[in-house]
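As structure tokens, the structure follows; a few thoughts come after it.
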Amino acid sequence: MKLSEYIEKYGDCEVTDEIDKCIVKMPKTVYDLKDGDRYFFLTVSGAVQREIWCGDSSDFNRERIGNTFLTEEDAEFAKERLEVIAELKKYAKEFSDEEWPNPSIVKHYIIFDYEDHVINIGYVCFTKASDIYFESKGKAQEAIKAVGEDRIKKYYLGVKE
């Protein structure tokens, strides 16, 4: 139980110096993990698994590829993000090195407009800024409909509303 949850459940109370023995300080980031710290990662099948950091090659390899999370919720979020990206890629097109500099080939991508709070579809001809591009506005719209605007905003674009 986190201290904030304890206070919420029991209210503000007097504590003694003995409480120091009970407090387990959580690392601030996954790069602060030390031997004995708990963390979570995604298995090859996409399940969230709990692990104890022991500084072995498995720990460092997970950390190196961004597959180390302090909380189960963070791991679940990362899993959903990967699923949304995979779904979007079903509708996307990988443009070749020859296609990118060609100004007659339009590449579409999904963006979020913070002024109007809506998803829009942007386009470029020969500059690359996004991760996922579509060969037409229609394909991008099809992807948005299939995956869902809310999921795209939250998990792909990182919009917190």
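The values are calculated or read from the model by the stated rules, or taken from the named source; none is laboratory data. Since this is a predicted model, take the numbers as computed values, not measurements. Cβ placement follows ideal geometry from the backbone for every residue including glycine, while neighbour counts extend to all protein chains displayed. All accessible areas refer to the heavy atoms of the entire protein, side chains included, with ligands and DNA or RNA removed. Shrake-Rupley method; radii C 1.70, N 1.55, O 1.52, S 1.80 Å.
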Study note, to complete from the structure: Pairs returned, first residue in the range 47-66 that is among the aromatic types (Phe, Trp, Tyr), second residue that is open to solvent by 50 Å² or more (accessible area, probe 1.4 Å) and outside any loop (DSSP other than H, G, I, E, B), beta-carbon separation under 8 angstrom, 6 or more apart or interchain, are Trp53/Arg38
Review point. Quick check, is Glu142 exposed (fewer than 13 other Cβ atoms within 10 Å of the Cβ) and over 23 Å from Pro103 (Cβ atoms)?
Key: no
**Study point:** Lone qualifier among Phe60, Phe69, Phe41, Phe77 - being in contact with a Lys or Arg (Cβ under 7 Å, 6 or more places away or on another chain) and at pLDDT 95 or above
**Key:** Phe41
Point to revise | Test result for Arg151, in contact with a strand residue (DSSP E or B) (Cβ under 8 Å, 6 or more places away or on another chain), in contact (Cβ under 8 Å) with a residue 12 or more places away in the chain and assigned to a helix (DSSP H, G or I) | key: no
Review point. If you take the residues of the range 83-115 that are under 24 Å from the mean Cα position of the chain (by Cα) and among the acidic types (Asp, Glu), which of them is surrounded by the fewest Cβ atoms within 10 Å (Cβ to Cβ)?
Key: Glu115
Study note, to complete from the structure: Checked pairs for the range 67-92, first assigned to a helix (DSSP H, G or I), second open to solvent by less than 80 Å² (accessible area, probe 1.4 Å) and among the basic types (Lys, Arg), C-beta under 9 Å and 6 or more apart or across chains, list as Glu80/Arg151; Glu83/Arg151; Val84/Arg151; Glu87/Arg151
